[in-house]
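Contents: one structure, followed by commentary.
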Amino acid sequence: MRLVRSLELRGLALLVAAALCIALPGIVATPGGSAHAGGSLEERKLPMRFTWLACQPDCRGWISAVGIVTADSPGDFDDFARGRELGGATIVLDSSGGSVNDSIALGRHFRNLGLMTTVGTSIQIHSAHGDRTSIAPEAYCESMCVFLLLSGKTRYVPEAAHVRVHQIWMGDRADDAKAATYSAQDMMIVERDIGRLAKYTFDMGGSGDLLSMALNVPPWEDLHELSPEELRLTNLVTTDMVAEVLPQMGGSVQPTVALTAKPTKDRFVSSTADAEDNRQSAKSTKTAEAVVPTGGAATAPAQ
């Protein structure tokens, strides 16, 4: 299984890299300098990586979290946090989602640290006045990433960000969910994980509307992008002021290249880990393993 997953990820990385060569230059010109986009589309399809972005002496910095949540992500975050004073810091999300149970565990880590959350892509800006780190608002937080966003004690979503939801599903059958067969045990697993997700949502201060919107979108349909009104209705947004989560931005987030958002049919593979109380679960539900670059045209899943 590890070999198969490795090959799938390698093929996926090549596909995304090819798409990037066609659709998006690696360096984007900006007024007064240049901003390195950092290969965000490709990184979003790889296991989640945590990076501390310092911007001293002007600000404290923030945590960049890019990629898919896997069974290793909670442990990877623990390793990243060890020896750092992260209490009350801001985590900037750019992710296609991932494992249901591991996302729940990771979100609880974030809440326990009192982290604030937002959506964006961390970039380096080079200008005549020197280099600086900033955040591009055009980013994606999809599927289980939305529930990571919910974990922040203060939550801000820039207008240009894309926050999208859909159902959780069996991890080995979302590629052709309609044609697959399901046992009573499978249904038990799905309903168990929906229960866990519901409890987590209410614990984090989310509303039932968030669950309703997500659970009404099956894996064979396009993800539902939440409107500004829906972001407030679901309690995903607690502030309209970026300065409340990123004071160093002075009330605005740096703009960068505009990505064209189109509907996709993403597939997120959930791990077999039950991160809360039973990590030996034989199967898990999924929110999807992305098979095309986020924001690109959808293609048929590989058979």
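Observations on the model:
- The residues listed here are M116, M188; of these, the one that is under 25 Å from L210 (Cβ atoms) and touching a strand residue (DSSP E or B) at 6+ places or on another chain (Cβ under 8 Å) is M116.
- V163, sole failed condition from (1) outside any strand (DSSP E or B); (2) open to solvent by less than 10 Å² (accessible area, probe 1.4 Å); (3) in contact with a strand residue (DSSP E or B) (Cβ under 8 Å, 6 or more places away or on another chain): (1)
- Lone unmet requirement of (1) out of contact with any His (no Cβ under 6 Å at 6 or more places or on another chain); (2) open to solvent by less than 50 Å² (accessible area, probe 1.4 Å) for V217: (1)
- Test: residue in the range 32-40 that is open to solvent by less than 50 Å² (accessible area, probe 1.4 Å) and modelled with pLDDT of 60 or more: yes
- Those residues of the range 220-234 which are surrounded by fewer than 18 Cβ atoms within 10 Å (Cβ to Cβ), in contact (Cβ under 8 Å) with a residue 40 or more places away in the chain and part of a loop (DSSP other than H, G, I, E, B), in sequence order: W220, E221, D222
- Within the option set L106, L93, being open to solvent by less than 10 Å² (accessible area, probe 1.4 Å), hydrophobic (A, V, I, L, M, F, W, C) and in a helix (DSSP H, G or I) holds for one residue only, L106.
- Among the residues making up the range 166-214, those that are open to solvent by 40 Å² or more (accessible area, probe 1.4 Å) and aromatic (F, W, Y) are W169, Y182, F202.
- Residue within the range 198-209 that is in contact (Cβ under 8 Å) with a residue 40 or more places away in the chain and in contact with a strand residue (DSSP E or B) (Cβ under 8 Å, 6 or more places away or on another chain) present: no
The values are calculated or read from the model by the stated rules, or taken from the named source; none is laboratory data. Everything quoted here is computed from the prediction, not taken from an experiment. Glycine also receives a Cβ, built like all others from the backbone with ideal geometry; neighbour counts cover every protein chain displayed. Quick note on the areas: whole protein, heavy atoms, side chains included, nothing else; ligands and nucleic acids left out. Shrake-Rupley method; radii C 1.70, N 1.55, O 1.52, S 1.80 Å.
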